[in-house]
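The values are calculated or read from the model by the stated rules, or taken from the named source; none is laboratory data. Because the structure is predicted, anything quoted here is derived from the model rather than measured. Here Cβ is always computed from backbone atoms with ideal geometry, including for glycine, and neighbour counts include all displayed protein chains. With ligands, DNA and RNA removed, areas are computed over all heavy atoms of the protein, side chains included. Shrake-Rupley method; radii C 1.70, N 1.55, O 1.52, S 1.80 Å.
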Amino acid sequence: MFWQINPDMPSLIGPMDQGDLWFFMPTAIGSAQKPTPAEAEEMIRTSTGIDTEIEVLSSDEWVASKLLADRFRRDRAFMIGDAGHLPPPFGGFGMLLGVGDAVDLGWKLAAVLLGWAGPSLLDSYEVERRQTAQLVLDAAEANHTILANQLILPHLEDDTPEGEAARVEAAEMVRRHKAAEFYARGVVLGYCYRDSPAIADDGTQKDWRPSLDYTPSATPGCIAPHCWLADGSSLYDHFGAGFTLLVTRDADPAQIDAARSAIEAEDIPLTVLAPQDDRLAGLYQAPLVLIRPDQHVAWRGDRAPSRDVLERLLGRRAVAAA
Ligand SMILES: Cc1cc2nc3c(=O)[nH]c(=O)nc-3n(C[C@H](O)[C@H](O)[C@H](O)COP(=O)(O)OP(=O)(O)OC[C@H]3O[C@@H](n4cnc5c(N)ncnc54)[C@H](O)[C@@H]3O)c2cc1C
């Protein structure tokens with residue numbers, strides 16, 4: 001994406017294919033203004049300074065939105081993707097959010113339909129995904145506060161010391177904008193499903209904060225911290241399709257057996273994973289970690305999870321969100 005920064009016609013342009021099809025987005029024209037194809041051609045020439053042959057194929061009005069549905073569920077109907085949340089596109093998070101919704105809802109629907117989870121597990125979908133959408137919406141809005149319009153400073157195009165100073169200042173504004181993007185990257189990977197009935201908080205959620213950049217955390221509700229194992233494989237590739245009990249080298253063998261028995265007694269599909277890797281104890285801060293099918297930490301501890309905890313994680317008991 002290229003930004004044209006000039007007071008005459010600030011705009012964004014970018015390729016739509018690998019040929020010569022481009023979009024042109026003037027960012028300072030009013031919504032009442034409906035340019036004809038000839039006027040649009042003139043705008044492109046004014047904005048870019050490029051005098052070339054142009055054919056306008058289509059034009060429409062587009063407005064950045066920041067919208068979040070009050071509810072993501074009613075009875076048997078669930079909303080996922082843009083139907084539930086529309087972030088401003090700066091940062092490129094819309095599709096990612098929608099895919100995240102599908103991943104969250106997908107395993108829960110499967111678990112309920114296959115009978116190993118209770119129907120109230122589905123209540124956790126809205127709790128988890130709506131708060132994540134809110135974080136991403138805020139980050140995308142922060143990105144949206146600097147476009148080509150905001151960078152137009154006096155003397156910007158002058159070949160003078162004032163012009164040079166203006167360009168340095170504009171570059172600094174872009175640098176700060178980049179910092180906002182990193183913040184967004186932090187929340188896209190580094191969110192935490194807080195107060196979810198399908199997560200067993202061990203008391204550490206209150207201390208968890210989204211970070212400017214992504215900081216891996218095994219606080220229950222976070223995406224499981226990743227690492228590459230000694231054989232070059234990804235830790236994630238060893239997680240099962242159901243729940244995974246991740247065992248670090250600090251685990252007490254009796255508690256590993258007790259945890260496996262407790263989970264299997266609940267008919268939960270389980271993979272027990274004990275990689276011989278010293279880093280896991282530090283990364284996960286617990287000898288036993290239960291990871292959901294969507295790769296989020298559900299529970300961690302040093303003793304087998306109780307039946308009560310497992311029943312809550314699986315929505316077999318209705319529990320009001322905290
Ligand atoms: C300018 C712009 C740039 C973007 N850039 C990025 C980016 O870089 N990265 C990123 O991750 N995301 C980006 N996005 C967002 C991304 O495109 C959307 O988040 C994503 O496409 C949403 O997918 P969806 O399946 O939820 O909805 P949609 O893609 O909107 O799909 C909904 C579908 O339902 C159909 N439909 C609607 N009503 C009915 C009906 N009654 N019956 C049957 N069908 C119906 C529609 O025709 C449509 O095909 C961008 C969006 C915009 C506008």
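After finding the eigenvalues of the alpha carbon gyration tensor for the stretch 36-167, what semi-axes result from the square roots of 5 times each, listed largest first in whole Å? With the √(5λ) rule applied to the stretch 36-167, the semi-axes are 45, 19, 11 Å.
Judged by the mean number of other Cβ atoms found within 10 Å, the most tightly packed of the peptides 275-286, 116-127, 165-176 leads the ranking 116-127, 275-286, 165-176. For the stretch 108-256, the solvent-accessible area with a 1.4 angstrom probe is 48 square angstrom per residue. Counting every C-alpha pair in the stretch 114-232, the share spaced more than 17 angstrom apart comes to 68%. Here Lys66 sits with roughly 80 square angstrom of accessible surface, probe radius 1.4 Å.
Per-atom-type breakdown for the chain gives carbon and sulfur 54% of the accessible area (1.4 Å probe, protein chains only).
Could you work out how far the C-alpha centroid of the stretch 75-94 sits from that of the stretch 138-163, in angstrom? Result: 29 Å between the Cα centres.
Taking every Cα-Cα distance in the chain and sorting them into 20 Å bins from zero, the calculated P(r) comes out as 27, 44, 24, 5 percent. Dividing the radius of gyration of the alpha carbons in the stretch 120-162 by their Kirkwood radius gives 1.47 for Rg/Rh.
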